[in-house]
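Asks: Before we start, here is the structure in question, set down as structure tokens.
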Amino acid sequence: MVLSLAVLLVPVVLVVWFFTRTPDSPQIDQVDWRPVLAQARSQAGYPVLGPTLEPSGWKPVKARYADRGQTWVGDTVAAGNRWELGFLSSDQTYIGLNQSDQPGREAFIDAVTRSARADGSVSVDGHQWQRRVSDDDRTRALVSSQGSSVVVVVGDTDYRVLEEYVRMLRTS
């Protein structure tokens, strides 16, 4: 009887173990964003924003720049000089800095913010930023003009986190 019970329990235990174990987190490669920032600043033709230092506990996971007319992502072509920097925050939330001088700023803003609607404004270090929030109230963004470009800082987080990040941004 004990042997029969063991034969039945072993598969049950294995099934329970298999379906309740925590899967391994995917490995996310960090990128060296500083050379891409230097390239953007030398080529963009507008004041390019970047953090003065890497936020504590954040991982840089995306850094790319394309001149107007160059291939951007996949087979799309950059409509303007475009700079993008992405970090995973300490709580694994993606925070993106997007900047471009492409014509049709609203199309750029809509693409980056998931067509977020205006949600007031805030002054950060004396510079005005428009707050935007997506229709599902998940994604928030801060949008501002910087020279001839528009800057969008976006993430699935609250405005406070985005404002703290914006305080770290400088043009040099």
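The values are calculated or read from the model by the stated rules, or taken from the named source; none is laboratory data. Remember, it's a predicted structure, so these values are computed and weren't measured experimentally. Just so you know, the surface numbers come from the protein's heavy atoms only, side chains and all, with ligands and any DNA or RNA stripped out. Shrake-Rupley method; radii C 1.70, N 1.55, O 1.52, S 1.80 Å.
Asks: If each residue of separation counts as 0.36 nm, what is the full-extension length gain between Thr171 and Asp125 once their alpha-carbon separation is subtracted?
Replies: Result: 15.2 nm gained on full extension.
Asks: Then there's this: Note the angle between two axes, namely the Cα long axis of helix 2-20 and the longest principal axis of the Cα atoms of the chain, as a number of degrees from 0 to 90, rounded to the nearest 10.
Replies: Approximately 0 degrees, to the nearest 10.
Asks: Averaged per residue, what accessible surface does the chain expose to a 1.4 Å probe, in Å²? Don't skip to the answer; put the middle values down first.
Replies: Details: 9770 Å² over 172 residues.
Accessible area per residue, the chain: 57 Å².
Asks: I need to check one value: relative contact order of segment 77-167, counting alpha carbon pairs closer than 8 Å and at least 6 residues apart, in percent.
Replies: Relative contact order here is 25 percent.
Asks: Scan (i) 19; (ii) 28; (iii) 16 for the value of percent of Cα pairs over 30 Å apart calculated from this model and give just the label.
Replies: Correct label is (ii).
Asks: Along segment 134-143, what does the Karplus equation 6.51 cos²θ - 1.76 cosθ + 1.60 (θ = phi - 60°) give for ³J(HN,Hα), rounded to whole Hz, x for Gly and Pro?
Replies: Calculated HN-Hα couplings, in order: 6, 4, 8, 6, 9, 9, 10, 8, 10, 10 Hz.
Asks: Most mobile of Val48, Val150, Val73 per a Gaussian network model of the chain (Cα springs, under 10 Å)?
Replies: Comparing Val48, Val150, Val73 in a Gaussian network model of the chain, the most mobile one is Val73.
Asks: Need the C-alpha centroid separation for segment 50-87 versus segment 127-155, integer Å.
Replies: Using only Cα atoms, the two centres lie 16 Å from each other.
Asks: Of the residues Ser56, Ser90, Ser115, which exhibits the maximal mean-square fluctuation in a Gaussian network model of the chain defined by a 10 Å Cα contact cut-off?
Replies: Residue with maximal mean-square fluctuation among Ser56, Ser90, Ser115: Ser56.
Asks: Would you kindly state how much longer the chain becomes between Glu164 and Gln70 on full extension, computed as 0.36 nm times their sequence separation minus their alpha carbon distance, in nm to one decimal? Please list the in-between numbers first.
Replies: Values: separation 94, 0.36 × 94 = 33.84 nm, distance 3.22 nm.
Length gained, Glu164 through Gln70: 30.6 nm.
Asks: For Arg117 and Lys59, calculate 0.36 nm times their separation in residues minus their Cα-Cα distance, and state this gained length in nm to one decimal. Walk me through the intermediate numbers first.
Replies: On the way: separation 58, 0.36 × 58 = 20.88 nm, distance 2.85 nm.
Gain on stretching Arg117 to Lys59: 18.0 nm.
Asks: Given H placed 1.01 Å from N in the peptide plane, which residues other than close sequence neighbours of Ser121 have an amide H under 5 Å from its amide H?
Replies: Result for Ser121 returns Arg131.
Asks: Give me the angle, in degrees from 0 to 90, between the Cα long axis of helix 34-43 and the longest principal axis of the Cα atoms of the chain, rounded to the nearest 10.
Replies: 30 degrees
Asks: Moving on to the next point. Apply the Karplus parameterisation 6.51 cos²θ - 1.76 cosθ + 1.60, with θ equal to phi minus 60°, to every residue of segment 74-80 and state each ³J(HN,Hα) to the nearest whole Hz, in sequence, with x for glycine and proline.
Replies: Result, ordered by residue: x, 10, 6, 10, 5, 7, x Hz.
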